1. Taking neighbour counts of Cβ atoms within 10 Å as a proxy for exposure, in what order, fewest first, do Phe143, Phe203 appear?
2. Do the sum for the chain: with -39,500 (n - 2.57) for every DSSP H run of n ≥ 4, divided by all residues, what is the mean residue ellipticity at 222 nm, to the nearest 500 deg cm²/dmol?
3. Listed here are the pairs Lys105/Lys208; Lys94/Lys154; Lys164/Lys187; Lys64/Lys111; which of them are more than 30 Å apart at the Cα?
4. Most exposed first by the Cβ proxy, i.e. fewest other Cβ within 10 Å, how do His125, His60 rank?
5. So for the chain, taking the charge dipole from beta-carbon charges (+1 Lys/Arg, -1 Asp/Glu), which of Cys161, Val220, Trp70 sits furthest toward the positive end?
6. How do the peptides 97-105, 218-226 rank, highest first, by the average count of neighbouring beta carbon atoms within 10 Å per residue?
7. Determine, for each peptide in 149-158, 179-188, the mean count of other beta carbons within 10 angstrom over its residues, then list the peptides with the highest first.
Amino acid sequence: MNRRKTSLAGLTIGALLVVSAIGASFAAGQSARDILERVDDLYRSKSSRARMVMEVVTKHWSRKLVMEAWTKGKEKSLVRILAPKKEKGMATLKVGNDIWNWLPKVKRVMKVPSSMMSDSWMGSHFTNDDMVKESRMAEDYDFKMTFRGEREGKKVVEIECTPKPQAPVEWGKVVVMVEDGTWIPLKVLYYDEEGDLARTFIFGSVKKMGGRTIPAEMRVVPAGKPGEYTFVRYEKIEFD
């Protein structure tokens, strides 16, 4: 099986050893690497704790989950479901490169193999990799700036990321769009290895939370599935 082909996103995100002349330095000293690092670490710090609501809508069903999430540095993260009762207590833990799921109903811990990192998490349009941020654009991708100007009424910077040869990621290309000047992400588009759009992350409701200005909402829209989406709203987030 192709090691990268399995599923937007993956949201996670990053990369950059080679900097093109246009992307090396711009706007108040912000490089493309700086921007991608910021997107990768948007909801992270030395440690963080967040409470969020996730709504999943598919062609056949919908569900809503209330969750808590913790991170410590870039190596440790935990997501635990608080509601509804049916899924309460289920959790996903990452330490280093290892990931486990805790299933309280059967009192069982299951390690997630690398081959399942692009599988759906809890039936949502997020992948296991998204939930624990195993891959990072700033480490796993090379990049180039492809656009800087006005689009959809906003001044934006667009960075195109392609995976490094040995990077453990499933995407053929990731395109990151941020607002020029604030560097707040607007959209992240994920493409498969055939170059087809797989899903789009759309960020919104920018506000100050935990001492940072961040999007409090994000929506994942899968390509080719009209009406389907996963919507996340941060109710609270704290950074250390």
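What follows is calculated from the coordinates using simple rules that are stated; it is not laboratory data. For clarity, every value in this text was computed on a predicted model and none was experimentally measured. For neighbour counting, all protein chains shown are included, and Cβ atoms are generated from backbone atoms with ideal geometry for every residue, glycine included.
1. On the way: Phe143 25, Phe203 21.
Fewest-to-most Cβ neighbours within 10 Å comes out as Phe203, Phe143.
2. Values: 3 runs with 18 residues, N = 240.
Computed mean residue ellipticity for the chain: -1500 deg cm²/dmol.
3. Working: Lys105/Lys208 38 Å; Lys94/Lys154 37 Å; Lys164/Lys187 22 Å; Lys64/Lys111 25 Å.
Listed pairs above 30 Å: Lys105/Lys208; Lys94/Lys154.
4. Working: His125 25, His60 5.
Placing the least packed residue first, the sequence is His60, His125.
5. Of the candidates, Trp70 comes out farthest on the positive side.
6. On the way: 97-105: 14.2, 218-226: 16.8.
Packing proxy ranking, top to bottom: 218-226, 97-105.
7. Details: 149-158: 13.5, 179-188: 17.9.
Descending packing order for the listed peptides: 179-188, 149-158.
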